[in-house]
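Single-structure report; data block below.
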Amino acid sequence: MQKEIAPKDWGSFFESFTMTHDHWRVSVDGENSSIPLEGIVARGSRIDIHLGADISNHRRITVEAARVLVEQRDGSEESVLIEATDGHRVALRLRAPADT
C-alpha cells in the first residue's frame, strides 16, 4: 500500500523513520548494491539523505521535494519515494539488517 506524507509532517516522519531504520541497508534508485542508512532530515522542502557507515562509502543526496510517498506492506515500510520539484525521483528501498 502506498501512502503520501503531507509536507507539514515531513520533519517528524523522517525523524521517526531514521530512528526506526537506523543502519538498515538501503538501495537507491534500483541499484543492486546497498549501504547503511545514517539519516534523513527534512528542513522545509529540502530533504537531505545520508548514507554510508564511514567516510569510504558515505553518500549524501539532497532533494528539493514536492512529494513524499511511502510503500508499506503488512504495516512495515519497504520503500520511500521522494519526488523533486524538477520532476526527478529518488527511490530508497529498505533491507532489514538481517537481510544484508
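The values are calculated or read from the model by the stated rules, or taken from the named source; none is laboratory data. Every value quoted in this text rests on a predicted model; they were computed, and no experiment measured them. As a convention, Cβ positions derive from the backbone with ideal geometry for all residues, glycine included, and neighbour counts pool all protein chains shown.
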Give region 80-96 a look and list any residue that's modelled with pLDDT under 95 and in a strand (DSSP E or B), or say none. Leu94, Arg95
Only residues that are closer than 17 Å to Arg93 by Cβ and free of Cβ contacts under 8 Å to residues at least 40 places away in the same chain: list them for region 14-38, please. Phe14, Thr18, Asp22, Glu31, Asn32, Ser33, Ile35, Pro36, Glu38
